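> Right, I'll just put the structure down here and ask away after.
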Amino acid sequence: MKGRRWLCAVGALLGLGLTGCMGPHVDIPPDSSTLRPCAPSPAPLLVQDLPTATPAACDLVGATVQFPDGYDKVIPEIGTSSASGGGGMSDTHFLFNFGSLGIVASERAEKSTQTRWWGSEEGLRRYWNAFGRIGETLYG
């Protein structure tokens, strides 16, 4: 099991799109199913401005998040992740939608030993408990 968790965490950070990694291992709060979508915004939400208060007021699914390097990524549905990068791209960008615990985001530069994280304290704790941490952890 620990090997699978490590493989899933590495796959997520490298944008490999591994299937079967997010399902049973991440605990999504039951109240997340009652969240309504947030009002759409024409401008991207800066990753450093992601809400960290819990419970979240609304579901950010479909909103665009902008990372410090200018890369834009769309927030996935509750209980799922979205990763891109690796494979020749300079950075890896990752989002996980925890519903009422908000969004967990990370950015890791190619060949770096550091991963920068954003999100609520509880969302980060649950993600790290499920998949562990890769490299030195920095907070946005």
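> Here are Arg125, Arg133: which of them is closer than 18 Å to His25 by Cα, part of a helix (DSSP H, G or I) and among the basic types (Lys, Arg)?
Values: Arg133 fails: part of a helix (DSSP H, G or I).
Of Arg125, Arg133, the one residue that is closer than 18 Å to His25 by Cα, part of a helix (DSSP H, G or I) and among the basic types (Lys, Arg) is Arg125.
> Among the residues of the stretch 118-140, how many are at pLDDT 90 or above and touching a helix residue (DSSP H, G or I) at 6+ places or on another chain (Cβ under 6 Å)?
Residues that pass the stated criteria total 4.
> Does any residue of the stretch 106-127 turn out to be surrounded by 22 or more Cβ atoms within 10 Å (Cβ to Cβ), of a type in the set (A, V, I, L, M, F, W, C), touching a Ser or Thr at 6+ places or on another chain (Cβ under 6 Å) and in contact (Cβ under 8 Å) with a residue 60 or more places away in the chain? Step through it out loud before you land on a result.
If we filter the stretch 106-127 for residues that are surrounded by 22 or more Cβ atoms within 10 Å (Cβ to Cβ), which is where we start, we get 106-108, 118-119, 123-124, 127.
Checking the rest, the ones that are also of a type in the set (A, V, I, L, M, F, W, C) come to 118, 124.
From what is left, the residues that are touching a Ser or Thr at 6+ places or on another chain (Cβ under 6 Å) are none.
No, every residue in the stretch 106-127 fails to be surrounded by 22 or more Cβ atoms within 10 Å (Cβ to Cβ), of a type in the set (A, V, I, L, M, F, W, C), touching a Ser or Thr at 6+ places or on another chain (Cβ under 6 Å) and in contact (Cβ under 8 Å) with a residue 60 or more places away in the chain.
> Let me ask something else. Among the listed residues Thr92, Thr52, which satisfies the condition of being of a type in the set (S, T, N, Q), part of a loop (DSSP other than H, G, I, E, B) and either surrounded by 15 or more Cβ atoms within 10 Å (Cβ to Cβ) or within 14 Å of the chain's Cα centre (by Cα) (or both)? Even if it seems obvious, please write down each step before you answer.
On the way: Thr92 fails: part of a loop (DSSP other than H, G, I, E, B).
Just one listed residue meets the conditions, Thr52.
The values are calculated or read from the model by the stated rules, or taken from the named source; none is laboratory data. Nothing here was measured: the structure is a model prediction, and the numbers come from that model. Positions of Cβ are generated from backbone atoms using ideal geometry, with glycine treated the same way; all protein chains shown enter the neighbour counts.
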